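Everything below concerns the one structure shown next.
The values are calculated or read from the model by the stated rules, or taken from the named source; none is laboratory data. Not measured: the values here are computed from a predicted model. All Cβ positions, even for glycine, are placed from backbone atoms using ideal geometry, and neighbour counts span all protein chains on display.
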Amino acid sequence: MDTIAAISTASGAAAIGVIRISGDDAFTVLDRVFFPAGKPMEQQENRTMVYGEMRDSRGDVIDRGLAVRFTAPNCYTGENSAELYCHGAPLVLRLVLEALFAAGARQAEAGEFTRRAFLNGRMDLTEAEAVADLLTAESTAAAKNAAAQLGGALRRRIEAVYERLMDISARFYAVVDYPDEDIEDLSREEIESALKFAELELTELLGSFQRGRVLKQGVATVLLGRPNAGKSSLLNALVGFDRAIVTDIAGTTRDTVEEKAEVGGVLLRLIDTAGIRETEDTVERMGVERSRSAAESAELAIALIDGEAGITDEDRGVLELASRCEHWILAVSKSDKLGGNVPLIAHAQLPEKLPAACVQLSSVARDGLAPLEDAIRALYPLGSEGRGTLLTNPRQADAVTRALHALQRAKAAYRAGLTPDAILTDAEDAISALGELSGKNLREDLVHAIFSRFCVGK
Ligand SMILES: Nc1nc2c(ncn2[C@@H]2O[C@H](COP(=O)(O)OP(=O)(O)OP(=O)(O)O)[C@@H](O)[C@H]2O)c(=O)[nH]1
Ligand SMILES: [Mg+2]
């Protein structure tokens, strides 16, 4: 493979910046730019940091730093590669990169290092996707799941199913193709048990997609309430900075304001909305319309009742709207003003679908936020069980769905008493869908599309 190079660290001034090189001529290219004291990099120890000078094509020193070489095949990309640790100034990094280009490397495309790792069999596609997930993780749980997936947790689970189906298919054809060999016939029971195992595993995996999606994208969570109920204050308290304008003027928020936050370990896509009320003001009315449509598309609603003002008839509409979400939580705000006198909410004032939890809180005193976090954690449990074996993207879910459909067809064929070859045709469709999942048999254009979503240098 030709030799590629890229800056792997984020742009912007930093103490250290890393440049990566990978390809057949990685060491030759490196030795034209990096000059250690003593022997050239080609002869240095594998995986050992070496101090030296980085020089441009004219021989001028552009930086002093460290380099390390990794000899194929036991390294990230599976080919000869190296990393240069330079001073992190964007200009310095650019000069070193240009020197590498002058020495024979070319700019790496987005995700090209990981694509090479995949093509060289260093990782399967689920592990490569885990790299991307780890780079973009927005919550602790998402990061931990991606790290486990990178360690092969999902790959191993899929491989177990793949191998089991392969095994029955291979045995069947071995018996057919080599009738003289002493190969044990495949029994109907064996076919049935393999199909059952595969179906169970894949159904469970597909069931994890919802959790995987919550982990990666976050739960669309709308904050609803009358004007001045304290929605924007709660948004700010949850995200940890003044994201939305807060005033004591009813009708402050007009447009929806979105921000991500990790609440109780769950990533939420919080949507602050305009306070809901009847109004003559054209702009405010449009804002209220937006609140309603945000509520309609949200998965979780937190309905705020102004604790100081108490519950009013207007709140009923808000609660009704909130209760139409998949889950909703009732929160009484401004508890710091109540001196322990929480307003009573009669059962009749609540919508038919009761809230998953009722909490009282103060965004100002940052009080009562822990029960809210507990309630959210209870709704979206992200325990460590199954970590790394959640499906986290639609590509994975689609492949598992197709594999499952094929297995169901195989099962129907089995039940109808068809011959093993008819059953196995469907089982092979499942094998092929699973192969796509791990990338064993994936079209080149798809591989390209998947890796182009990575950043350059990874
Ligand atoms: N004491 C106290 N005041 C609060 C609390 N939360 C909000 N407030 C006050 O209530 C007023 C309204 O707060 P906002 O967060 O702007 O209310 P909102 O629901 O976003 O209002 P609109 O945007 O108008 O719909 C402000 O004066 C806040 O300081 C709280 O927990 N305790
Ligand atoms: Mg507001």
The range 259-288, residues that are among the charged types (D, E, K, R) and either touching a Cys at 6+ places or on another chain (Cβ under 8 Å) or within 14 Å of ligand 1 (Cβ to nearest atom) (or both): E259, D272, R277, E278, D281, E284, R285
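Matching residues to (1) within 25 Å of the chain's Cα centre (by Cα); (2) part of a helix (DSSP H, G or I); (3) not hydroxyl-bearing (S, T, Y):
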| position | (1), (2), (3) |
| --- | --- |
| A406 | no, yes, yes |
| A413 | no, yes, yes |
| D421 | no, yes, yes |
| T425 | no, yes, no |
| E436 | yes, yes, yes |
| L442 | yes, no, yes |
| L446 | yes, yes, yes |
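If only one of G207, G212, G230, G240 is more than 8 Å from ligand 1 (Cβ to nearest atom), over 19 Å from S139 (Cα atoms) and not β-branched (V, I, T), which one is it?
G207
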Residue match in the range 277-295 (condition: crowded, with 23+ Cβ neighbours inside 10 Å, hydroxyl-bearing (S, T, Y) and under 20 Å from T221 (Cα atoms)): yes
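Within the range 386-404, take every residue that is among the charged types (D, E, K, R) and within 17 Å of the chain's Cα centre (by Cα) and give me the one that is nearest to R164 (Cα to Cα).
The extreme case among them is D398.
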Qualifying residue in the range 391-400 (condition: farther than 26 Å from V246 by Cα, without any contact (Cβ under 8 Å) to a residue 40 or more places away in the chain and surrounded by 19 or more Cβ atoms within 10 Å (Cβ to Cβ)): yes
Members of the range 391-426 that are at pLDDT below 90 and among the hydrophobic types (A, V, I, L, M, F, W, C): L418, A422, I423, L424
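Condition check ((1) of a type in the set (G, A, S); (2) crowded, with 21+ Cβ neighbours inside 10 Å; (3) touching a helix residue (DSSP H, G or I) at 6+ places or on another chain (Cβ under 8 Å)) across all residues:
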{"site": "R415", "(1), (2), (3)": "no, no, no"}
{"site": "L418", "(1), (2), (3)": "no, no, no"}
{"site": "I423", "(1), (2), (3)": "no, yes, yes"}
{"site": "E428", "(1), (2), (3)": "no, no, yes"}
{"site": "E444", "(1), (2), (3)": "no, no, no"}
{"site": "F451", "(1), (2), (3)": "no, yes, yes"}
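Rundown of residues vs (1) in contact with a helix residue (DSSP H, G or I) (Cβ under 9 Å, 6 or more places away or on another chain); (2) over 19 Å from A375 (Cβ atoms), yes/no style:
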residue: T221; (1), (2): yes, no
residue: N236; (1), (2): no, yes
residue: F241; (1), (2): no, yes
residue: T253; (1), (2): yes, yes
residue: E259; (1), (2): yes, yes
residue: R269; (1), (2): yes, no
residue: E314; (1), (2): no, yes
Any hit, the range 224-234, residues being over 27 Å from V342 (Cβ atoms) and of a type outside the set (F, W, Y): no
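Test of understanding: among E352, E428, which residue is more than 16 Å from ligand 2 (Cβ to nearest atom), touching a residue at least 24 places away in the same chain (Cβ under 8 Å) and not assigned by TED's automatic domain parsing to the domain that holds S187?
Answer to the selection: E352.
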Which listed residue is in contact with a Cys (Cβ under 9 Å, 6 or more places away or on another chain) and not basic (K, R), from V175, V161, V222, V214: V222
So G52, is it in the same structural domain as R106 (by TED's automatic domain parsing), in a strand (DSSP E or B), surrounded by 17 or more Cβ atoms within 10 Å (Cβ to Cβ) and in contact with a Ser or Thr (Cβ under 8 Å, 6 or more places away or on another chain): no
One residue from L234, L224, L195, L200 being more than 16 Å from ligand 2 (Cβ to nearest atom) and buried (at least 22 other Cβ atoms within 10 Å of the Cβ): L195
Residues (surrounded by 13 or more Cβ atoms within 10 Å (Cβ to Cβ) and in a helix (DSSP H, G or I)) located in the range 174-184: A174, V175
Matching residues in the range 133-151 - criterion: being out of contact with any helix residue (DSSP H, G or I) (no Cβ under 6 Å at 6 or more places or on another chain), buried (at least 17 other Cβ atoms within 10 Å of the Cβ) and not in a helix (DSSP H, G or I): S139
Filtered residue count, the range 237-269, keeping only those that are more than 12 Å from ligand 2 (Cβ to nearest atom) and either surrounded by 17 or more Cβ atoms within 10 Å (Cβ to Cβ) or touching a residue at least 12 places away in the same chain (Cβ under 8 Å) (or both): 16
Within the range 1-49, considering residues that are of a type in the set (G, A, S), over 22 Å from A117 (Cβ atoms) and under 30 Å from the mean Cα position of the chain (by Cα), the one surrounded by the most Cβ atoms within 10 Å (Cβ to Cβ): A14
Residue within the range 370-379 that is within 16 Å of ligand 1 (Cβ to nearest atom) and of a type in the set (G, A, S) present: yes
Members of the range 334-345 that are surrounded by fewer than 22 Cβ atoms within 10 Å (Cβ to Cβ) and outside any helix (DSSP H, G or I): L338, G339, G340, N341, V342, P343, L344, I345
The one condition in (1) more than 27 Å from the chain's Cα centre (by Cα); (2) assigned by TED's automatic domain parsing to the domain that holds A137; (3) at pLDDT 90 or above that D367 fails to fulfil: (2)
